[in-house]
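Nothing in this text is a laboratory measurement; each read-out follows from the coordinates by a stated rule. These numbers were taken from a predicted model, which means no experiment stands behind them. Neighbour counts run over all protein chains shown; Cβ positions are idealised from the backbone, glycine included.
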């Protein structure tokens, strides 16, 4: 079985882990009402998803 000959240094370990990080949700303007909303989600303000009305808002 393969076993490392030398211990992995802190800098080498941290370089490898530099891509593992949390990112916030992607926020885009709604094409219908121009309010900020999460991408690929129905707009909470107007109820549109793209150009189609999905949720009836009064």
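Criterion applied to 21, 13, 37 was being more than 14 Å from the chain's Cα centre (by Cα) and either surrounded by 10 or more Cβ atoms within 10 Å (Cβ to Cβ) or assigned to a loop (DSSP other than H, G, I, E, B) (or both), and the one residue passing it is 13.
Looking at (1) at positive phi; (2) surrounded by 12 or more Cβ atoms within 10 Å (Cβ to Cβ); (3) out of contact with any strand residue (DSSP E or B) (no Cβ under 7 Å at 6 or more places or on another chain), can you tell me which one residue 47 breaks? Checking residue 47 against (1) at positive phi; (2) surrounded by 12 or more Cβ atoms within 10 Å (Cβ to Cβ); (3) out of contact with any strand residue (DSSP E or B) (no Cβ under 7 Å at 6 or more places or on another chain), the one that fails is (3). Restricting attention to the range 24-34, the residues that are exposed (fewer than 11 other Cβ atoms within 10 Å of the Cβ) and either more than 12 Å from the chain's Cα centre (by Cα) or part of a loop (DSSP other than H, G, I, E, B) (or both) total 3.
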